[in-house]
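A quick write-up on the structure given underneath.
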Amino acid sequence: MPTALTLPDLVVMTLLAERPMHGYELDQELERRDARDWAGISRPQVYYSLKKLAASGHLARAAAGQRGGAGPERQVWRLAASGRRALTEALARPDWAEQRPPAPFLTWLALSAFAEPAARASLIDRRQAFLEAELARERATLAAIRADTGAMVPAAELMVELVIRQWELELAWLAEVRARLVPAGGP
């Protein structure tokens, strides 16, 4: 029975499809690309995925000249042919296009009729501040992506542009939320 591939597995496989890397390098590349914003993969998950994918035959050790150093954290891996096939098959699944992300703020909004008006106003203000900070961060990320090169750059650029548009739209929408749910002259 084939091993089920998780999102962290697919992220690791995709990075290794670009070039061979060791675990620490993979983790640093995730950090550099702000991948945790869209993939939710921790450092322990990187190493767990490497171990799992190697055991399933989806990864192979890279050539000796590409070795990153001593120890298990420095073992350089490359995507094996079976890994490429598994990655291609996983990325063709229709469920990628048919899911709604859970939005905790929308859940809170649905329940907020029972919040105190001051708490409601405070959380709306907090969401606005969060969105403004995230918008600034995403704009800086977009500038860094545009200065980068590689096969994933066009998709990364499109993703961050979408997030920027979503944050901008949500900020405008949040003004409507405030106007309709926070009493005039209220908190």
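Any read-out appearing in this document is the output of simple, stated calculations on the displayed coordinates, not a laboratory observation. Only a predicted model underlies this, so the values are computations on that prediction, with no experimental measurement involved. Note that each Cβ is placed from the backbone with ideal geometry, even for glycine, and that neighbours are counted across all protein chains shown.
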(request) Would you mind classifying segment 7-97 by shape? Square roots of the alpha carbon gyration tensor eigenvalues, ordered a ≥ b ≥ c; an a/c under 1.5 is rounded, otherwise it is prolate if a/b is larger than b/c and oblate if not. (result) oblate
(message) Can you classify segment 139-187 as rounded, prolate or oblate using the Cα gyration tensor, where a ≥ b ≥ c are the square roots of its eigenvalues, rounded means a/c under 1.5, and otherwise it's prolate if a/b beats b/c and oblate if not?
(response) prolate
(request) Place the peptides 30-36, 47-53, 131-137, 174-180 in order of packing, highest mean first, counting for every residue the other Cβ atoms within 10 Å and averaging per peptide. (result) 47-53, 30-36, 131-137, 174-180
(message) Restricting to DSSP loop positions (anything but H, G, I, E, B) with no more than 10 other Cβ atoms inside 10 Å of their own Cβ, which chymotrypsin sites (Phe, Trp or Tyr not before Pro) remain in segment 88-187?
(response) none
(request) Report the convex hull volume per residue for the chain, counting only C-alpha atoms, in Å³. (result) 154 Å³
(message) Need one word for segment 101-187: rounded, prolate or oblate. Basis is the Cα gyration tensor (sqrt eigenvalues a ≥ b ≥ c); a/c below 1.5 gives rounded, then a/b vs b/c decides.
(response) prolate
(request) Mind putting a number on the dipole of segment 104-181 about its Cα centre? Charges go on the C-beta only, +1 for Lys and Arg and -1 for Asp and Glu, and I need it in Debye to the nearest 20. (result) 200 debye
(request) Work out which helices of the chain, taken as complete DSSP H runs, extend at least 20 Å along their axis over the Cα atoms and score a mean Kyte-Doolittle of -1.0 or more, then list them. (result) 117-146, 153-181
(request) Before rounding to the nearest 500, sum -39500 (n - 2.57) across all DSSP H runs of length at least 4 in the chain and divide by the residue total; then give [θ] at 222 nm in deg cm²/dmol. (result) -20000 deg cm²/dmol
(request) Please get the size of the charge dipole for the chain, origin at its Cα centre, with Cβ charges of +1 on Lys and Arg and -1 on Asp and Glu, quoted in debye to the nearest 20. (result) 560 debye
(request) Treating only the Cβ atoms of Lys and Arg (+1) and Asp and Glu (-1) as charged, compute the dipole magnitude of segment 7-97 about its Cα centre; round to the nearest 20 debye. (result) 360 debye
